[in-house]
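S.K.: This structure is in structure tokens; I'll ask about it shortly.
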Amino acid sequence: MTKPLVFAIPKGRILKEALPMLEAAGIIPESAFLDKESRLLRFKTNRPDVEIIRVRAFDVATFVAHGAAQMGIVGSDVIEEFSYPELYAPVDLNIGHCRLSIAEPKRLAQDDDPREWSHVRVATKYPHLTHRHFEARGVQAECIKLNGAMEIAPALGLAGRIVDLVSSGRTLEENGLVEVERIMPISARLVVNRAAFKMRAGDIAPLVENFRRLVGVADNVA
């Protein structure tokens, strides 16, 4: 008997928008998935051939890239940060919109010009994306890897600037920071393990097409 497809869903900011889209595509999680008190990580769905795991956003890419999950939803920031060749991202879901930006303290920004930077020390959970961005500009970047609480790094002297996701900008404002440069726009993508797509095209391709129809993408799955 063929094992169920495993679909990885991220915790956090994308989940609220991803769930209705998942249901519209024909995958409805069991009620325990919505139980905020539940410690379960793996869930059944209305389809016996599809199960869901709920993990951290960065881990979605890892589970799918290594074949532990065959499909998932994750932000383009994560895809770009890891650059897993095993990941195929056939559909931009047009949800989870935000941007990856550089921010610094307001007092520093008053007299600062990003065009004059030659060396920066940055706190971020996106060291690869950050290095790539600054390298393209000829700026030497020293990246300090943090998994959260980036906004407090400048105040504590850990790094003068941060690179992080920005949506409304409220968190920056409350921590005395301002956005000084945008690196890239972000949205959530449907991702598929390339090997699984070849081996289980009959199971996966119809689901990809369902998501394509939801976002109005007319071309066929490659």
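None of the figures in this text is laboratory data; all of them are computed from the coordinates on show. What you see is a predicted model, and the numbers here were worked out from it, not measured in a lab. Please note: Cβ atoms are built from the backbone with ideal geometry, for glycine as well, and neighbour counts cover all protein chains shown.
S.K.: Would you calculate the convex hull of the Cα atoms in region 92-208 and tell me its volume per residue in Å³? Walk me through the intermediate numbers first.
M.R.: Details: hull volume 14.8 nm³, N = 117.
Convex hull of Cα atoms, per residue: 126 Å³.
S.K.: DSSP loop GluC sites (Glu not before Pro) in region 27-86 with at most 11 other Cβ atoms within 10 Å of their Cβ, which ones?
M.R.: Qualifying residues, ordered by number: Glu37.
S.K.: Just to be sure I understand the model, the point goes 7 Å from the Cα along the line to the Cβ. What's the resulting Arg42 to Ser187 distance in nm?
M.R.: About 3.3 nm, to one decimal.
S.K.: Only bridges with both residues in the chain count here: give the DSSP antiparallel percent, nearest 5.
M.R.: Antiparallel: roughly 60 percent of the beta bridges in the chain.
S.K.: Taking trypsin sites (Lys or Arg not before Pro) that fall in a DSSP loop and have at most 10 other Cβ atoms within 10 Å as cut points, what is the longest piece of the chain between them? Write down the numbers at each step before the final one.
M.R.: Working: sites that count: Lys36, Arg39.
In short, 40-222.
S.K.: At a Cα cut-off below 17 Å, give the lysines reachable from Lys198, other chains included and same-chain residues fewer than 8 away excluded.
M.R.: Counting by Cα, and skipping residues close in sequence, Lys198 has these lysines nearby: Lys3.
S.K.: Give me, ordered by chain and number, the residues 5 or more places off Val178 or on other chains with an amide H under 5 Å from its own placed amide H.
M.R.: Glu104, Lys106
S.K.: Determine the dipole magnitude for region 103-222: charges of +1 sit on the beta-carbon of Lys and Arg, -1 on that of Asp and Glu, nothing else is charged, the reference point is the Cα centre, and the result goes in debye to the nearest 20. If you can, show how the numbers build up before the last one.
M.R.: Working: 17 positive and 16 negative charges, 129 e Å.
Approximately 620 debye in magnitude.
S.K.: To continue, here is another question. Roughly how many debye, to the nearest 20, is the charge dipole of the chain about its Cα centre, given +1 on each Lys and Arg Cβ, -1 on each Asp and Glu Cβ, and no other charges? Walk me through the intermediate numbers first.
M.R.: Numbers: 29 positive and 29 negative charges, 122 e Å.
The calculated dipole for the chain is roughly 580 debye.
S.K.: Bin width 5 Å, origin at 0, all Cα-Cα pairs of region 1-121: what percent of pairs per bin?
M.R.: 2, 9, 18, 20, 16, 10, 7, 6, 5, 4, 2, 1, 0, 0
S.K.: Then there's this: Place +1 on the Cβ of every Lys and Arg and -1 on the Cβ of every Asp and Glu in region 22-117, take the dipole about the Cα centre, and give the residue among Leu22, Phe63, Asn94 whose Cα lies farthest towards its positive end.
M.R.: With unit charges placed on the Cβ atoms, the residue in question is Leu22.
S.K.: In region 98-185, if the dipole is taken from +1 on Lys/Arg beta carbons and -1 on Asp/Glu beta carbons about the Cα centre, which of Ala109, Pro127, Ile183 is farthest to the positive end?
M.R.: Of the options given, the answer is Pro127.
S.K.: Additional query: Averaging over all projection directions, find the projected area of the Cα convex hull of the chain and quote it in nm² with one decimal place. If you can, show how the numbers build up before the last one.
M.R.: On the way: hull surface 54.7 nm².
Quarter of the Cα hull surface area: 13.7 nm².
S.K.: If you don't mind, there's one more thing I want to ask. Could you tell me how many degrees, from 0 to 90 and to the nearest 10, lie between the Cα long axis of helix 127-136 and the main elongation axis, the longest principal axis, of the Cα atoms of the chain?
M.R.: 60 degrees
S.K.: Taking amide H atoms as placed 1.01 Å from N in the peptide plane, list the residues 5 or more away in sequence, or in a different chain, whose amide H sits under 5 Å from that of Gly160.
M.R.: HN-HN under 5 Å from Gly160: Arg121.
S.K.: Oh, and also: Sort out for me the Cα centre separation of region 100-141 from region 1-75, rounded to whole Å.
M.R.: Taking the Cα centre of region 1-75 as reference, the centre of region 100-141 is 35 Å away.
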